[in-house]
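One structure is given below, encoded as structure tokens.
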Amino acid sequence: MEHFNVIVIGAGSSGGVVAARLTENPDISVLLLEAGPDFPDEEAVLPLFAVSGEHSWRVAGVPELDWRYWNTDTAKVTSGHPIRLARGKLSGGTSMVNATIAARGAPNDYNRWASMGNLGWAWDDLLPYFIRIENDLDFGGQPIHGSSGPIAVQRYKPETWAAVNRAFYDGCVQLGFEEAPDLNAPDAQTDVVGALAHNRYKEIRQGTLVTYIRAARPRPNFTIRGNANVDRILLDSAAGRATGVRYIDPHGQPVEIAADVVIVSAGVYGTPLILQRSGIGPADELQAVGVQAVADLPVGHHLLDHPGCALTFVAPALSGSTGRLFATNVRGPAGANGEMEWQVHPFPIDEEVGTAGLWIYLPRQDAEGFVRITSADPDAAPIIDHAYNTLDSDYRRFKLAYDFCNELLATPIFQQHGAKSQMADRPFAEVLRNGINSANHQVGTCKMGPADDPTTAVSPNLLVHGFSNLMVADASIYPEHILHNTNFTCMVIGEIAAELINGQRAGGIRL
Ligand SMILES: Cc1cc2nc3c(=O)[nH]c(=O)nc-3n(C[C@H](O)[C@H](O)[C@H](O)COP(=O)(O)OP(=O)(O)OC[C@H]3O[C@@H](n4cnc5c(N)ncnc54)[C@H](O)[C@@H]3O)c2cc1C
């Protein structure tokens, strides 16, 4: 059987980083398996990955490069409208289809992770990794920022913004929000408005395909296989070890490969699905679909997101999409626990009709959802239920954001443009039911924490509980959500996973 030192499953934000970093050691052979296509010639087809000067999610619109997942509304509280759960299916994963907002979590997010028993995951521990991954073209000289990492980061100047961003920013200042030049600074958390940082360079998304993976691709110890849909992990459950991986090749044939270490980086949906098919998951749920459990762990539970809702208004002068979109962001006031309770971005909708919108989203969703296999067949569609709109506590924060938006539309700058809400004649509960959607920041389905916490599946050293060489490294390990966008934290998780294997971080695996 073919053998590698390390197999990484999934070439996304985390998987692309961990695989590329591990190949820096020429003595470690690495196989990166990706269900979607790889693009070895990506430098020649770069326009495919362009974010246009405005803001086109071009790759996200290519059905072949998406997993085509949809939310299941078990509680029947989202009016039956379809909620698409976009996920990239290509080398680079979702980092190559996302909106390129380059955000860190708040310091307190990671301090909470550490306080849940995850030593080594506090803000002070993670800051060096955030610095390492970035080349911040605006603030790279500051001690909290990096200037030599692989991911270029920049904020767009106000004169380049679409009109709605300008009015939004000015309206927030008129309401008393403080101007924050750097939304990635630790203190820019509440009551601030600012320009969002983006990981784009020359209009190309700085996802892992065109950064980490590109740099590592020529190394002789690195093998990348696209169109390799991983079915399951091969396990020696008595020994608590992974022995390899079984995937389905592009011709539909199963292939088995041996490894010393297996790292599952298939994302918030893909990772729990692979583990469940391998018998690692809630025993009763696995039994119900004919899979024998080898480890009874809450894999697939604790699915979290940032749920959002678009509020639309008429203001012809603000409806044009010329200029930078998703350029600005306001972070609301602190709630009882000291954390911001909502965020809002503006966006243009239709210049011919004269409409624009405000995208409100919750940085924390109290409701927890799940992802679950329906069969052992790797091609069978899973059930994914985000439990959107099921809790009053989540509704309360949405209502606070909605009230803010009405105040914003009443500011002199919006009134100067004749802004008029299209939601005013409907109860907010109805607006939310019909409009709730995903901000695409799903996390948490293999929760990290100590083995004696029954809600967790993975240790602070990223090992699946009960296994000595099976790791998870991606968005699924978040023990709690963070307040901001998720991509950079996933890259940091990839950096840490690599250190746990190459001996640079205590408590890892020695090859
Ligand atoms: C439309 C959209 C916009 C977003 N915008 C932003 C943003 O602006 N800023 C931000 O910070 N975050 C954003 N996000 C979220 C962010 O991109 C993700 O949180 C992050 O990319 C997740 O990284 P990951 O490594 O966990 O998973 P992914 O990057 O999704 O990687 C998982 C990889 O595993 C592969 N895989 C899955 N199953 C298998 C299998 N069975 N076999 C082999 N391979 C498999 C997948 O194809 C994929 O390549 C956005 C997400 C979306 C969808």
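The values are calculated or read from the model by the stated rules, or taken from the named source; none is laboratory data. What you see is a predicted model, and the numbers here were worked out from it, not measured in a lab. Glycine gets a Cβ as well: all are built from the backbone with ideal geometry, and neighbour counts include every protein chain shown.
When the criteria are applied in full, residue 258 fails the requirement of being of a type in the set (Gly, Ala, Ser), more than 15 Å from the ligand (Cβ to nearest atom) and in a loop (DSSP other than H, G, I, E, B). Among the conditions (1) farther than 16 Å from residue 347 by Cα; (2) in contact with a Pro (Cβ under 8 Å, 6 or more places away or on another chain); (3) within 16 Å of the ligand (Cβ to nearest atom), the only one that residue 439 does not satisfy is (1).
So which of 404, 467 is over 28 Å from residue 508 (Cβ atoms) and of a type in the set (A, V, I, L, M, F, W, C)? Going through 404, 467 in turn, just one is over 28 Å from residue 508 (Cβ atoms) and of a type in the set (A, V, I, L, M, F, W, C): 404.
Are any residues in segment 158-169 touching a residue at least 24 places away in the same chain (Cβ under 8 Å) and surrounded by fewer than 18 Cβ atoms within 10 Å (Cβ to Cβ), and if so, which ones? Can you show your working first?
To start, the set of residues in segment 158-169 that are touching a residue at least 24 places away in the same chain (Cβ under 8 Å) comprises 158, 160-165, 167-169.
Passing the criteria: 158, 160.
Figure legend. Inter-residue proximity from segment 409-435: first residues at positive phi, second residues buried (at least 18 other Cβ atoms within 10 Å of the Cβ) and not aromatic (Phe, Trp, Tyr), beta-carbon distance below 7 Å, spacing 6+ or different chains. Indicated pairs: 418/315. Apart from one condition, residue 285 fits all of (1) more than 27 Å from residue 172 (Cα to Cα); (2) under 23 Å from the mean Cα position of the chain (by Cα); the exception is (2). Of all residue pairs spaced 6 or more apart or on separate chains, those with beta-carbon atoms under 9 Å, a first member in segment 76-90 that is loosely packed, with under 12 Cβ neighbours inside 10 Å and a second member that is part of a loop (DSSP other than H, G, I, E, B) are 80/73; 82/71. Among the residues of segment 32-45, just one is of a type outside the set (Phe, Trp, Tyr), surrounded by 15 or more Cβ atoms within 10 Å (Cβ to Cβ) and either more than 23 Å from the chain's Cα centre (by Cα) or modelled with pLDDT under 95 (or both), namely 42. Which of the residues spanning segment 91-118 are out of contact with any helix residue (DSSP H, G or I) (no Cβ under 7 Å at 6 or more places or on another chain) and over 20 Å from residue 476 (Cβ atoms)? Matches in segment 91-118: 99, 100, 101, 106, 108, 115. Just to be sure before I move on: is residue 453 surrounded by fewer than 24 Cβ atoms within 10 Å (Cβ to Cβ) and either within 10 Å of the ligand (Cβ to nearest atom) or farther than 22 Å from residue 259 by Cα (or both) in the structure I sent? Yes; evaluated as a whole, the condition is true for this residue. The set of residues in segment 71-125 being aliphatic (A, V, I, L, M) and more than 13 Å from the ligand (Cβ to nearest atom) consists of 75, 77, 106, 114, 116, 119, 122. Against the condition closer than 28 Å to residue 486 by Cα, touching a residue at least 24 places away in the same chain (Cβ under 8 Å) and basic (Lys, Arg), how does residue 205 come out, does it pass? Judged against the criteria, residue 205 is a match.
Looking only at segment 359-376, count how many residues are in contact with a helix residue (DSSP H, G or I) (Cβ under 7 Å, 6 or more places away or on another chain) and more than 26 Å from residue 480 (Cα to Cα). Walk me through how you get there before you give the answer.
Taking segment 359-376 first, the residues in contact with a helix residue (DSSP H, G or I) (Cβ under 7 Å, 6 or more places away or on another chain) are 360, 362, 365-367, 371-373, 376.
Still in the list and also more than 26 Å from residue 480 (Cα to Cα): 376.
Number of matching residues: 1.
Which one of 243, 312, 322 is surrounded by fewer than 20 Cβ atoms within 10 Å (Cβ to Cβ), more than 22 Å from residue 379 (Cα to Cα), touching a residue at least 12 places away in the same chain (Cβ under 8 Å) and touching a Ser or Thr at 6+ places or on another chain (Cβ under 6 Å)? Give the steps one after another, and end with the answer.
Values: 243 fails: touching a Ser or Thr at 6+ places or on another chain (Cβ under 6 Å); 322 fails: touching a Ser or Thr at 6+ places or on another chain (Cβ under 6 Å).
On inspection, the qualifying residue turns out to be 312.
Would you call residue 201 aromatic (Phe, Trp, Tyr), within 23 Å of the chain's Cα centre (by Cα) and under 30 Å from residue 341 (Cα atoms)? Spell out how you get there, then give the answer.
Values: aromatic (Phe, Trp, Tyr): yes; within 23 Å of the chain's Cα centre (by Cα): yes; under 30 Å from residue 341 (Cα atoms): no.
It is false that residue 201 is aromatic (Phe, Trp, Tyr), within 23 Å of the chain's Cα centre (by Cα) and under 30 Å from residue 341 (Cα atoms).
Quick one: in segment 247-280, which of the residues that are in contact (Cβ under 8 Å) with a residue 40 or more places away in the chain and at positive phi is farthest from the chain's Cα centre (by Cα)? Across segment 247-280, the extreme among qualifying residues is 279.
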